[in-house]
Amino acid sequence: MNKRQATLRRETGETRIGVTLELDGSGKSEIHTGVAFFDHMLTLLSKHSLIDLQVRAEGDLSVDYHHTVEDTGIVLGECLKHALGTKSGLRRYGWALLPMDETLVEVALDLSGRFYLAFEAPDFPQPIGTFDFQLVEEFLRGFAANAGMNLHVTVKRGRNAHHVAEAIFKGLAKALDQACQVDARVIGVPSSKGIL
């Protein structure tokens, strides 16, 4: 089987992002975005999905973290789409029910080639350190839209914003691990249309 990997760069007036992704990895990562909490979340995403991930981002952090987080999601989604290739033999669907202390998060996704994000979470007005919880949704939107993914994230329980964010990223990781696996029983593209 060919290596399922991709390396992409994106440069705008606000950010410079470089991502290398290898789907059939071991969860190794090198993450440097200038946003410590976001680095932690992306490290968890890599570790628990077993996707090897290198991310280097430079953004207008003096303004806020929004552009860096969103644009990283965009490039990461594009890398995933490229690494999946034709999607032949792909399991396609993935889901996880992820507990983290008092928090319980449900994540389900379909690597359908069509974007949709459903995100249900409490509104946490206080930041996690200096990281606004709302940026989690912005990352997921950029990631799912550019990967061509149908993504549903539901926080079923949770009071601690750090725990909720961490459970979301870990749940996404476990769902991605499942969906990105190649199943020898799947012949060709896993769609009755013959295309994804």
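Data table
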item: Selection from the stretch 114-133 of residues that are over 18 Å from the mean Cα position of the chain (by Cα) and in contact (Cβ under 8 Å) with a residue 60 or more places away in the chain; result: I128, G129, T130
item: Selection count, the stretch 26-67, where residues are in contact with a helix residue (DSSP H, G or I) (Cβ under 8 Å, 6 or more places away or on another chain) and either under 21 Å from K87 (Cβ atoms) or of a type in the set (S, T, Y) (or both); result: 10
item: In the stretch 69-113, residue farthest from the chain's Cα centre (by Cα) [restricted to those that are of a type in the set (D, E) and on the phi < 0 side of the Ramachandran plot]; result: E102
item: Test set (1) crowded, with 23+ Cβ neighbours inside 10 Å; (2) closer than 17 Å to L196 by Cβ - V75 fails condition number; result: (2)
item: Lone qualifier among T103, T130 - being β-branched (V, I, T), buried (at least 19 other Cβ atoms within 10 Å of the Cβ) and more than 20 Å from I17 (Cα to Cα); result: T103
item: Members of the stretch 1-26 that are part of a strand (DSSP E or B) and over 16 Å from the mean Cα position of the chain (by Cα); result: R9, R10, E11, T15, R16
item: Filter pass, G148 being within 17 Å of L42 (Cβ to Cβ), touching a Gly at 6+ places or on another chain (Cβ under 7 Å), at pLDDT 95 or above and of a type in the set (G, A, S); result: no
item: Residues of the stretch 55-91 classified as within 18 Å of E22 (Cβ to Cβ), in contact with a Leu (Cβ under 8 Å, 6 or more places away or on another chain) and not charged (D, E, K, R), total; result: 10
item: Candidates L53, L80, L151, L61, filtered to the one that is in contact (Cβ under 8 Å) with a residue 60 or more places away in the chain and of a type in the set (A, V, I, L, M); result: L80
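The values are calculated or read from the model by the stated rules, or taken from the named source; none is laboratory data. Everything quoted here is computed from the prediction, not taken from an experiment. Using ideal geometry, Cβ is built from the backbone for each residue, glycine included, and neighbour counts are taken over all protein chains shown.
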